[in-house]
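These notes concern the structure reproduced below.
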Amino acid sequence: MLLKISFRNVFRNRRRSLITLLVLVMGATGMILFGGYKEVNFYGLRETTIRNRLGHLQIYKLGSSTAESDKPLEYGLEDVQSIRKRIEQDPRVSMTAAQITLMGLISNGDKSETFLGTAVEPSKDARMQAQRLVSGREPTDKELDTLIVGQGLARSMKVRNGDYLTLMTTTVTGSLNAMDFQVVGTFATGVKEYDDRAVKMPLGGAQLLLNTKKIEKLLIMLKKTDETEDVAADLRILAAKEKWPVEMKSWSELATFYHQVVLIFNGIFGFIGIIVFVIVVLSVANTIMMSIFERTREIGTLMAIGTKRRRVWLMFLFEGMIIGLLGGVLGLLFGTGVAQLINLAHIQLPPPPGYTTGYPLRIMLKSSILVSAFLLAWVTATLSSIYPALRASRLRIVDALGHI
Amino acid sequence: MKDQVIGLVGVRKLYRLGSVEVVALAGVDLEVYRGDFTALAGPSGSGKTTLLNLIGCIDKASSGRVFVEGQDITDKPLDALADLRATRIGFIFQTFNLVPVLNSFENVEYPLLLSGVPRKERHERVWSWLRNVGLESQARQRPDQLSGGQRQRVAIARAMIMKPVLVLADEPTANLDSETASQILDLLDQINRETRTTFVFATHDPNIIGRAHRRIRLRDGRIVADERNGVVNSARLQPIATTGSRSQNA
């Protein structure tokens, strides 16, 4: 009966309940949209970071992370074929890719600039979809003297596809070496500063330039990012068993920027959550207080005919709970509906600071966000009715009845 | 020997209004017996409702002792008396005070639910009382769909549903037209005769005062007249006028 009274009272003053429900629905929708937007960004940044640069796991020569090398690839890996073969036998592993990073001077004959080079296995790199090709094509595994250049660098060097650029760097023995490479394409990663300096070349070409057969690191790409820690643990056991002279790092240990972004977004999300929480608390508490004010005599009557204070308290608590439940469910429906509409609308956002390309506005409907949004509405509405309900239950019966 | 339902010994009730202390009851001794049909009369501010509230265990006396069916309830907190109110005392209010979101059936059923009466018995008793007050066909209507008289009948059924020993009625006819008031009074009179339920009214209504078996007149928080069937209960007290206008009673 208490629940019945509470439920019917929610609909007694429909306009007021509607306004409260609207606040709850908007609060839950805000949480769903911002939470979903945040998750899309986290996901996008994480996957881009993994595919562009880091891979899920990286294998280095043992001691390379703590040692200070005097020459390039002093701590490079040699003869990794057997290691790669064993790692690729794991069904969770998508592929392994060898990499070298190098830097030096790049020249078109008239002008020289510094470059940041990444030497990759082109066939593997294509599968990683690390960069967006703006013009031309990717190098192939066999064309060792080809490269692709970042959009900004191509502009600065005034090169077109087919032109040659000279790369000069220090070899593994410490001497200088230079090689001509043919530009076969230009690419963009979206990060302007990087695109102004970046070149990408076949691993074999870089090894010729550096005069070595070593590689710097072995990237391991997994089928699912969520399995990174499990695979890492298993590989560490395998490496110890096989006595591989290697050490391993996961993408998470290397992705400093990703973690900074996560921290900032979570801070903003938490702040918005607090604002929504306060609005919901005030709104629901106000509704229940108004309801108590209007129903003072009714409360007095119920207590006079034998209703205990605890039941009166529960009755108003149930009202907050019911409003919260309705608001939570409606908020979920409305929030997911708006999120779907936004996803279908293909809205393009302008480039963020430091980036050259915009990105689509998408909302990820993750179950944890939906549950949080629902709980925010429900639990907050329930909590905010505790104090007004307590006040109702503490009314003096004779005062409430309006008789002295 | 008569069964005593209510006993008040030297009861005083003081209110504080700002810095002023108001004496609502200034030492009342009263005994109410089973089957009494008693009217508390007196002008506004004489202490009728305060006395009714103390008898009904919804307010506490400042001093003196209060007994319900011989049990001294003076020192018990009001919330601890909720069960006593739910099972032994019925209330009828001037403004009916039904729960607006419950229909007639549910309003009458409410006290039975508080006491955990099983569903089958609940329904039998509710239908029986709705029949008694002539509202079977209005069972599913909410208070705002009922006339004043019908609402008061629902309130009477609600007050009687727990078979209370005592029913307290505060100006039960004040919001009704004279014909409806008379019908309500007939109903209460009939219930009193058939069930021997004790009724105590706080009223200005000369009809109620006229039909009461016992009339108690209050003035300035004191009982100044107490008469049963024309016989004055105490030599110290004066007989009470039973006819005349409200202004005479007030």
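Observations on the model:
- The ranking of A:THR301, A:THR173 by Cβ neighbour count inside 10 Å, starting from the fewest, reads A:THR173, A:THR301.
- Dividing the radius of gyration of the alpha carbons in the stretch B:97-210 by their Kirkwood radius gives 0.95 for Rg/Rh.
- Modelled spin labels at A:ALA240 and A:THR173, positioned 7 Å past Cα toward Cβ, are 4.1 nm from each other.
- Diffusion of chain A by Stokes-Einstein, at 25 °C in a medium of 0.890 mPa s and with Rh set to the Kirkwood radius over alpha-carbon pairs, works out to 95 µm²/s.
- Residues A:LEU22 and B:GLN4, FRET efficiency given R0 of 51 Å [Cβ-Cβ distance, rounded to 0.05]: 0.30
- Cβ-Cβ FRET estimate between B:THR87 and A:ARG92, R0 fixed at 51 Å, reported to 0.05: 0.15
- Inter-chain neighbour count for B:95-101: the average number of beta-carbon atoms from partner chains within 10 Å of each residue's beta-carbon is 6.
- Where both bridge residues fall in the stretch B:4-249, DSSP classifies roughly 60% of the beta bridges as antiparallel.
- Remark: for residue pairs A:LYS192/A:LYS213; A:LYS217/A:LYS241; A:LYS71/A:LYS217, the C-alpha separation exceeds 26 Å in A:LYS192/A:LYS213.
- Added length on full extension, which subtracts the Cα-Cα distance from 0.36 nm per residue, A:GLU113 to A:LEU344: 78.8 nm
- Residues B:ARG193 and B:LEU17, FRET efficiency given R0 of 41 Å [Cβ-Cβ distance, rounded to 0.05]: 0.45
- Sorting A:TRP244, B:TRP127, A:TRP251 by the number of Cβ atoms found within 10 Å of their own Cβ, with the fewest placed first, yields B:TRP127, A:TRP244, A:TRP251.
- Here the residues A:MET1, A:MET179, ranked from fewest to most Cβ neighbours within 10 Å of their Cβ, fall in the order A:MET1, A:MET179.
- Percent of alpha-carbon pairs separated by more than 23 Å within the stretch A:63-244: 45
- Separation in nanometres of the label points that stand 7 Å from Cα toward Cβ, at A:TYR387 and A:VAL329: 2.9
- Length gained when the stretch A:LEU62-A:ASN13 is fully extended (0.36 nm per residue, less Cα-Cα span): 10.5 nm
- Taking a sphere under 10 Å around the Cβ of B:LEU185 and counting the other residues whose Cβ falls inside, with K and R at +1 and D and E at -1, yields a net charge of -2.
- Values of log10 I(q)/I(0), in the order q = 0.07, 0.15, 0.16, 0.17 Å⁻¹, for chain B under a Debye, Cα-only, solvent-free model: -0.23, -1.07, -1.21, -1.33
- Entries in A:LYS85/A:LYS224; A:LYS200/A:LYS224; A:LYS38/A:LYS158; A:LYS61/A:LYS111; A:LYS38/A:LYS214; A:LYS308/B:LYS48 that, when Cα-Cα distance is taken, lie over 30 Å: A:LYS38/A:LYS158; A:LYS61/A:LYS111; A:LYS38/A:LYS214
- Restricting the stretch A:153-201 to trypsin sites (Lys or Arg not before Pro) that sit in a DSSP loop and have at most 13 other Cβ atoms within 10 Å of their own Cβ leaves A:LYS158, A:ARG160.
- Of all DSSP beta bridges in the protein assembly as shown, antiparallel share, percent nearest 5: 70
- 18 Å Cα-Cα reach of B:LYS163 towards aspartates and glutamates, excluding residues that sit fewer than 8 places from it in its own chain: B:ASP3, B:ASP36, B:GLU69, B:ASP83, B:GLU106, B:GLU109, B:GLU121, B:GLU124, B:ASP189, B:GLU194
Read-outs: derived from the displayed coordinates by stated rules, not from any lab. As the structure is a computational prediction, the values presented were derived from the model and not from experiment. Please note: Cβ atoms are built from the backbone with ideal geometry, for glycine as well, and neighbour counts cover all protein chains shown.
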